[in-house]
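Beneath this line is the structure, given in structure tokens, with notes to follow.
The values are calculated or read from the model by the stated rules, or taken from the named source; none is laboratory data. Every value quoted in this text rests on a predicted model; they were computed, and no experiment measured them. In this analysis, Cβ positions are derived from the backbone assuming ideal geometry, glycine residues included, and neighbour counts consider all displayed protein chains.
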Amino acid sequence: MSLPELGVNVVIHPGTVIGDGVRIGDNAVVGKQPTLGRSSTARREPLAPLVIGAGCVISTGAIVYAGTTLGAGVIVGDLASVRERCSVGPGSVIGRGVCVENDTTIGARCRIQSNAYITAYCLLEDDVFIAPCVVTTNDNFMGRTERRHELIRGATIRRGARVGGGATLLPGVEIGAEAFVAAGAVVLRDVAPRAVVVGSPARYLRDVPDDELLADLD
């Protein structure tokens, strides 16, 4: 097993599992334990070690928490944060300044571009594209009632879906496979597979053309 390539002032917390050929940039922190606020909805049980797959790159100033697994070849960009109990599939890219909150699953070959916010309890299937500054949400009550705890849900974004720059997804919405959410759209309800939606609130415009579909999806 080869040793990781480490930058300056890297912090590796005890128990972190690091695969072959991993590169960790200056001032990155890996295997960090979370500090939770009193009203946080995140679970508080002990966390498994962070697992960093072979060939991953953790860039300058990034933070990846304990309890998370990064598949082979994942890139975590400068100043990005990936919280606890997340799973990121092989070949996915978490861009500069992206925040991925706790208990989120990201599939293989996803691209999440700069400064996007992926809230807790989201599911992104394989080959999802998230443009810069996309915002996902998970709490319709914004912390004001105890009832919110049983209703908190992030977005579900099915395989091959694309979400344009600055779009906002409300709690619990599902974006269907191969759907296309236009830049700046505000998505209040589920989007059908292959649908193109635009505007605020988002409305159906047309279907994604055949030549833009992934080859191995029906």
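Points to keep in mind about this one:
- Condition broken by residue 50, with the remaining ones in (1) in contact with a strand residue (DSSP E or B) (Cβ under 7 Å, 6 or more places away or on another chain); (2) within 23 Å of residue 156 (Cα to Cα) satisfied: (2)
- Residue 148 meets each of the listed conditions (1) of a type outside the set (Val, Ile, Thr); (2) under 19 Å from residue 123 (Cβ atoms); (3) touching a Phe, Trp or Tyr at 6+ places or on another chain (Cβ under 9 Å) apart from (2).
- The range 34-51 - residue that is exposed (fewer than 12 other Cβ atoms within 10 Å of the Cβ) and not charged (D, E, K, R) and, of those, modelled with the lowest pLDDT: 39
- Residues of the range 13-41 satisfying the condition of being touching a Gly at 6+ places or on another chain (Cβ under 6 Å) and either part of a strand (DSSP E or B) or among the hydroxyl-bearing types (Ser, Thr, Tyr) (or both): 16
Rundown of residues vs (1) within 25 Å of residue 2 (Cβ to Cβ); (2) within 14 Å of the chain's Cα centre (by Cα), yes/no style:
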site: 34; (1), (2): no, no
site: 46; (1), (2): no, no
site: 56; (1), (2): yes, no
site: 91; (1), (2): yes, yes
site: 99; (1), (2): no, yes
site: 104; (1), (2): no, yes
site: 111; (1), (2): no, yes
site: 114; (1), (2): no, yes
site: 120; (1), (2): no, yes
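- Qualifying residue in the range 152-170 (condition: assigned by TED's automatic domain parsing to the domain that holds residue 207, hydroxyl-bearing (Ser, Thr, Tyr) and either surrounded by fewer than 18 Cβ atoms within 10 Å (Cβ to Cβ) or closer than 19 Å to residue 65 by Cβ (or both)): no
- Comparison of 139, 103, 127 shows that the only residue that is modelled with pLDDT under 95, of a type in the set (Asp, Glu) and surrounded by 18 or more Cβ atoms within 10 Å (Cβ to Cβ) is 139.
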